[in-house]
Amino acid sequence: MLKLRILDRYILGLTLKPMLISLSIVLTALLLERILRLIDILATAGAPVFIAFALAGNLVPHYLGFAMPAGFALGVYSAISKLSLGAELEAGLASGVSVRTMTRPLIILGCVLSLLSILVVGFASPYCRYVYREIINQSTAYAWRAHAPAATFISVKDGLTVTADEVDKTGRGLKGVFIQNRKDGQDVVTSASTGRLELTPDESAIQLKLFNGAAVRDLGGPEPSTLRFKEFVLDKKFDLEAPPFRPRGGNERELDMFELWSEMRGPVSKGYYRELSAEFHGRLARSLSLAFLPLLIVPLSMTMRRNARIANMVAAGVAMVVYHNSLQIGETLAHKGLAPAVVTCWAPFLLFLGLSVLLFRTSTDRPGDTLISRAIDGVRAAFVRATRKRTAPEPQAAGG
């Protein structure tokens, strides 16, 4: 019993380090890609770009749900590959330790990660998603921060676009101002040599005061109407603070697992029920698959041949990507009402589970000998035979 506990700890130690490293790399890559997109959105709206990091922080639970299977799979693959390459796997099998015994701590770790995934994806992510949308709403949709980056078109509100050639250090003193606005169904273009963002007299909002410019309005006539001015205050004011955001729950992705289940059992429309059901079953199927992931990865990791290891790694990656995409397609089909979510979300899960169990059961007697390795060997043998036939010299006819 003591030896088994030591073995369990050893295997977990080999798994956790590469798993955490892989998880960090995948999560960082996903967040950096999103941060770049957020910076572009915030800069266009004239909001401070540092808000992108607060937004990215609220996306961590969402991306963690995608990164966790990849990190766990790489951790298991790394651990079992080290045992195979170091002859520790053969020594363990020779001493009576079966592959099932070696896989047991990985299954336990998978169950723990499965529960953690349900907590992260099913409960933390909906709340963080709501906060993310609230920050986006405050930063871009309503409250303009009264800062204008130079040579950048800023879509402020209600069809109003502002740009300036030069901006001072405060972001409120403008030179070479150009404004495009649509008012009463008519396009109004305003330009001014200078401008200034300042508080209104009652200090309740922000206004844009322009100096030495002209406003051109297209009235549909042969020539546009032109108004020249020395000082002009734009008629649109900008709120200092955004109005209160809507309550949480405006979208099924903002509901936790208990709220989804409660809404599904309540009197809702068929369309909304389909959305709730797809979200509920999709989260649950994606999280529970972590518990059975070692059954897929362990058989594909037990091999001594380098070419086979690479092929098995590719096969494992393809299987996980196909499973993830199948779940997304299943959720889409359930959303559109083409099939029940119970079928479209759990059918990929059962196929994934069946493939994993089949690979595991057929490789425990001969570690490294899986259906995939046999298929690869068959393809390789057929290719070699075909090559030999092409390169073999033709028999010469006997001389008469």
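When region 252-293 is limited to residues that are outside any helix (DSSP H, G or I) and among the hydrophobic types (A, V, I, L, M, F, W, C), the one that is modelled with the lowest pLDDT turns out to be Val268. Screening Ala334, Ala316, Ala339 for residues that are on the phi < 0 side of the Ramachandran plot, without any contact (Cβ under 8 Å) to a residue 40 or more places away in the chain and surrounded by 13 or more Cβ atoms within 10 Å (Cβ to Cβ) leaves exactly one candidate, Ala339.
The set of residues in region 111-140 that are over 17 Å from Gly250 (Cα atoms), open to solvent by 30 Å² or more (accessible area, probe 1.4 Å) and at pLDDT below 95 contains only Thr140.
Scanning region 187-233 for residues that are open to solvent by 50 Å² or more (accessible area, probe 1.4 Å), charged (D, E, K, R), within 48 Å of the chain's Cα centre (by Cα) and at pLDDT 85 or above turns up Arg196, Arg217. Here Thr364 meets each of (1) modelled with pLDDT of 80 or more; (2) open to solvent by less than 50 Å² (accessible area, probe 1.4 Å) with one exception, condition (1).
Selection of helices (runs of 4 or more DSSP H) fully inside region 1-92 by the criterion of at least 2 residues being at pLDDT 85 or above and open to solvent by 60 Å² or more (accessible area, probe 1.4 Å) returns 2-45, 60-85.
The values are calculated or read from the model by the stated rules, or taken from the named source; none is laboratory data. Keep in mind that what you see is a predicted model, and the values were worked out from it rather than measured. Note that we place each Cβ from the backbone using ideal geometry, even for glycine, and neighbour counts take in every protein chain shown. Accessible surface areas use protein heavy atoms only, side chains included; no ligands, DNA or RNA. Shrake-Rupley method; radii C 1.70, N 1.55, O 1.52, S 1.80 Å.
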